[in-house]
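Engineer: Starting off with a structure, shown below.
The values are calculated or read from the model by the stated rules, or taken from the named source; none is laboratory data. Owing to the predicted nature of the structure, the values given are computational and were not obtained by experimental measurement. Here the Cβ positions follow ideal geometry from the backbone for every residue, glycine too, while neighbour counts run over all protein chains shown.
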Amino acid sequence: MRLAADANVLLAAVLGGRARLILECPQIEEVLSVEQIIAEVQEYAVHLAREKGLAEDLVLLAVGALPVTIVARTEYEAFIPEAEKRMGKRDPDDVELLALAIALGVPVWSNDRDFRGTGVEWLTTESLLKRLGLIETS
């Protein structure tokens, strides 16, 4: 399975959340994202490191070590107008990731509900953990 990952799930993985289990799962072939998302992860990682009393440099190293392929904008930019239309008045910061998902035909992995109803499969960390058999379904 290939996934287009949002900043919130990548930050959770860096900080030791359950999202890291998905990144380590052999059923996940590739995790993709866009430059804008990685920049957001770096920015918030520093803030969260300070907030949690963690070493900023180590947190940034963890961000750099994320097994994420950054896809060049040229690969999905033709789909940005369609993504803007589908995103509507929701978060404009999510448009590029949605365009990537549309262009490559992959699900979006995000805990952000802005992707609901956009015409691409939207998976939360919880739903992915269940699908991959990493946690039991209730």
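Engineer: For segment 3-43: of the residues being outside any helix (DSSP H, G or I) and of a type in the set (Gly, Ala, Ser), which is nearest to Leu134 (Cα to Cα)?
Structural biologist: Among those residues, the one meeting the criterion is Gly17.
Engineer: Being basic (Lys, Arg) and at pLDDT 90 or above is the filter; apply it to segment 44-76 and report the residue that is nearest to Asp6 (Cα to Cα).
Structural biologist: Arg73
Engineer: Considering segment 35-71 alone, what residues qualify as being among the small types (Gly, Ala, Ser) and touching a residue at least 12 places away in the same chain (Cβ under 8 Å)?
Structural biologist: Ala45, Ala62
Engineer: A further question on this structure: Going by the conditions given, is Ala62 touching a strand residue (DSSP E or B) at 6+ places or on another chain (Cβ under 9 Å), surrounded by 15 or more Cβ atoms within 10 Å (Cβ to Cβ) and either part of a helix (DSSP H, G or I) or among the aromatic types (Phe, Trp, Tyr) (or both)?
Structural biologist: no
Okay, residues lined up against (1) more than 21 Å from Thr118 (Cα to Cα); (2) surrounded by fewer than 22 Cβ atoms within 10 Å (Cβ to Cβ); (3) within 15 Å of the chain's Cα centre (by Cα):
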site	(1), (2), (3)
Met1	no, yes, yes
Val9	no, no, yes
Leu15	yes, yes, yes
Leu23	yes, yes, yes
Ile28	yes, yes, yes
Tyr44	yes, yes, yes
Ala49	yes, yes, no
Lys52	yes, yes, no
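Engineer: Among the residues of segment 77-93, count how many are under 16 Å from Ile37 (Cα atoms), of a type outside the set (A, V, I, L, M, F, W, C) and at pLDDT 95 or above.
Structural biologist: Summing the residues that are under 16 Å from Ile37 (Cα atoms), of a type outside the set (A, V, I, L, M, F, W, C) and at pLDDT 95 or above in segment 77-93 gives 1.
Engineer: Answer yes or no: is there a residue in segment 111-121 that is among the hydroxyl-bearing types (Ser, Thr, Tyr) and more than 16 Å from Val31 (Cα to Cα).
Structural biologist: Scanning segment 111-121, I find at least one residue that is among the hydroxyl-bearing types (Ser, Thr, Tyr) and more than 16 Å from Val31 (Cα to Cα), so the answer is yes.
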